[in-house]
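Where a number appears in this text, it was derived from the coordinates with a stated rule and is not lab data. All values derive from a computational prediction rather than experimental measurement. All Cβ positions, glycine included, derive from the backbone under ideal geometry; neighbour counts span all protein chains shown.
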Amino acid sequence: MGWRSKSKVRRNAQKKGYRSGFELKVSEQLNEAKIAFGYEDTVIPYTKPATKHKYTIDFRLPNGILIEAKGRWTLEDRKKHLLVREQNPELDIRIIFQSPNNKIRKGSKTTYADFCDKHGIQWASKEVPESWYKT
């Protein structure tokens, strides 16, 4: 019974253009005091602050190439990798996959290799190509 009465109060407030019974009460108080007011007429833009994270790369070659070795490559890992690449375009980050033909998720046609190709990520299968460390 308690929530029903609150529900009726809220529905009544919504009929009068408010989101809650409490907002309706405040508006009634302002009206009784003959205070002119605006309701939801001021919009303030804001940005949620970014959270800081660190990404530890698996291997760094003497020529500056950074290598990440991946067995499983989860959605979270893929998102993180794309963010790291986007925010650090000067870095040459490459991936070695244990199984590059694994699907990015069950039922998907896209493999880890396909995902890399689509996003311009250099990758290799099972071992570091000589060309990566002989440059």
Semi-axes of the equivalent ellipsoid for the chain, Cα gyration tensor, largest first, Å: 58, 20, 11
Tell me, what is the FRET efficiency for LYS126 and GLU86 to the nearest 0.05, using R0 = 30 angstrom and their Cβ-Cβ distance as r? 0.65
In 5 Å bins starting at 0, how do the alpha-carbon pair distances of region 64-135 split up by percent? 3, 16, 28, 27, 16, 7, 2, 0
Specify the residue with the greatest mean-square fluctuation among GLN98, GLN14, GLN122, computed from a Gaussian network of the chain linking alpha-carbon atoms under 10 Å apart. GLN14
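State which entries of LYS70/LYS126; LYS54/LYS109; LYS54/LYS118; LYS52/LYS118; LYS52/LYS79; LYS79/LYS103 exceed 21 angstrom in Cα-Cα distance in the structure shown.
On the way: LYS70/LYS126 9 Å; LYS54/LYS109 31 Å; LYS54/LYS118 25 Å; LYS52/LYS118 27 Å; LYS52/LYS79 15 Å; LYS79/LYS103 16 Å.
Long pairs (Cα-Cα over 21 Å): LYS54/LYS109; LYS54/LYS118; LYS52/LYS118.
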In the chain, once you exclude exposed chymotrypsin sites (Phe, Trp or Tyr not before Pro) (DSSP loop, at most 11 other Cβ within 10 angstrom), what's the longest stretch remaining? 47-135
Quick one: if the Förster radius is 41 Å, what FRET efficiency do ASN63 and LYS103 give, using the C-beta to C-beta distance and rounding to 0.05? 0.80
As an exercise, identify the trypsin sites (Lys or Arg not before Pro) in region 24-96 lying in DSSP coil whose Cβ has no more than 13 other Cβ atoms within 10 Å. LYS34, LYS52, LYS54, ARG72
Can you pull the one-decimal nm distance between simple spin-label points at LYS79 and LYS118, each 7 Å off the Cα toward Cβ? 1.6 nm
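So what is the relative contact order of the chain, in percent, for Cα pairs below 8 Å that sit 6 or more residues apart? Before the final figure, lay out each step's value.
Numbers: 115 pairs, mean separation 21.6, N = 135.
Contact order relative to length: 16 percent.
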